[in-house]
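**Student:** Mind having a look at this structure? Questions to follow.
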């Protein structure tokens, strides 16, 4: 099983730039590269911050570009998004009984659980008791089946000071929902615009650079976020019974290749 992880597209209305970049063009190049290199992937998933300011025009552009992707696509929301405008642009997008953009994805023998950490008007994430109750019910129903969790805001700190301030603000509901569960194989997230991997509470974790702008690697600066024009990425995730492998592909990198 192969799937594609994309995150933080930050689309703006056509004709606008963001930090000197064109997020629509960069997404278009990402889609074209996935179509060329990975037509055998089962699906792609986009872990939030679809639009930069949540404008209807940005979601219209997103819909047009994603229509060119030759894979099924699963869309999640992040802090820059608007649930209202997202739902208007993608009326068939799944959600839970409370209106949160939470849903399940079949990944072969693995169950994907996609979570909504969006808090309107806030840069940080929230995961309330209603969302946690939905998560607990899905985990209970999964039994011992392997699980991947997808979310926008990470529920832990990564020592990027300003980004840690705006991650999942109070992760207690999430932590209590997942603690003691031995079948959670991996946690995929977005938000940080950095290539990061490791483990948290025994769960392997990973995220990627955005298709848009990046966050610079700086463990010192506080108060403001230092941006970067490092190359954008998408992730190629390979899953079998024994392992989960995440390859990060800088799809705009044009470095020469050669035989070693």
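The values are calculated or read from the model by the stated rules, or taken from the named source; none is laboratory data. Since the structure is predicted, the reported quantities are computational estimates derived from the model, not experimental observations. Note that each Cβ is placed from the backbone with ideal geometry, even for glycine, and that neighbours are counted across all protein chains shown.
**Student:** Look at the range 194-236 and say how many of its residues are within 15 Å of the chain's Cα centre (by Cα), within 19 Å of residue 33 (Cβ to Cβ) and part of a loop (DSSP other than H, G, I, E, B).
**Tutor:** 9
**Student:** Next question. Is it the case that the range 75-86 has a residue that's free of Cβ contacts under 8 Å to residues at least 40 places away in the same chain and in a strand (DSSP E or B)?
**Tutor:** For the range 75-86, residues free of Cβ contacts under 8 Å to residues at least 40 places away in the same chain and in a strand (DSSP E or B): present.
**Student:** Is it true that some residue in the range 56-72 is within 20 Å of residue 215 (Cβ to Cβ) and either in a strand (DSSP E or B) or modelled with pLDDT of 95 or more (or both)?
**Tutor:** Within the range 56-72 (the criterion being within 20 Å of residue 215 (Cβ to Cβ) and either in a strand (DSSP E or B) or modelled with pLDDT of 95 or more (or both)), the answer is no, since none of the residues qualifies.
**Student:** Name the residues in the range 127-171 that are in a helix (DSSP H, G or I) and under 17 Å from the mean Cα position of the chain (by Cα), would you?
**Tutor:** 163, 164 - these are the residues of the range 127-171 that are in a helix (DSSP H, G or I) and under 17 Å from the mean Cα position of the chain (by Cα).
**Student:** Tell me, please, whether a residue that is touching a helix residue (DSSP H, G or I) at 6+ places or on another chain (Cβ under 6 Å) and in contact (Cβ under 8 Å) with a residue 12 or more places away in the chain can be found in the range 193-210.
**Tutor:** no
**Student:** Does any residue of the range 39-54 turn out to be over 22 Å from residue 118 (Cβ atoms), under 16 Å from the mean Cα position of the chain (by Cα) and crowded, with 16+ Cβ neighbours inside 10 Å?
**Tutor:** no
**Student:** Now a separate question. Just give me the residues in the range 99-121 being farther than 18 Å from residue 11 by Cα and not in a strand (DSSP E or B), in sequence order.
**Tutor:** Across the range 99-121, the qualifying residues are 99, 100, 101, 102, 108, 109, 115, 116, 117, 119.
**Student:** For the range 178-192, indicate whether the set of residues that are assigned to a loop (DSSP other than H, G, I, E, B), at positive phi, loosely packed, with under 15 Cβ neighbours inside 10 Å and free of Cβ contacts under 8 Å to residues at least 60 places away in the same chain is non-empty.
**Tutor:** Yes, there is a match, as at least one residue in the range 178-192 is assigned to a loop (DSSP other than H, G, I, E, B), at positive phi, loosely packed, with under 15 Cβ neighbours inside 10 Å and free of Cβ contacts under 8 Å to residues at least 60 places away in the same chain.
**Student:** Another question about this same structure. Got at least one residue in the range 90-98 being at pLDDT 95 or above, under 17 Å from the mean Cα position of the chain (by Cα), in a loop (DSSP other than H, G, I, E, B) and crowded, with 19+ Cβ neighbours inside 10 Å?
**Tutor:** No, there is no match, as no residue in the range 90-98 is at pLDDT 95 or above, under 17 Å from the mean Cα position of the chain (by Cα), in a loop (DSSP other than H, G, I, E, B) and crowded, with 19+ Cβ neighbours inside 10 Å.
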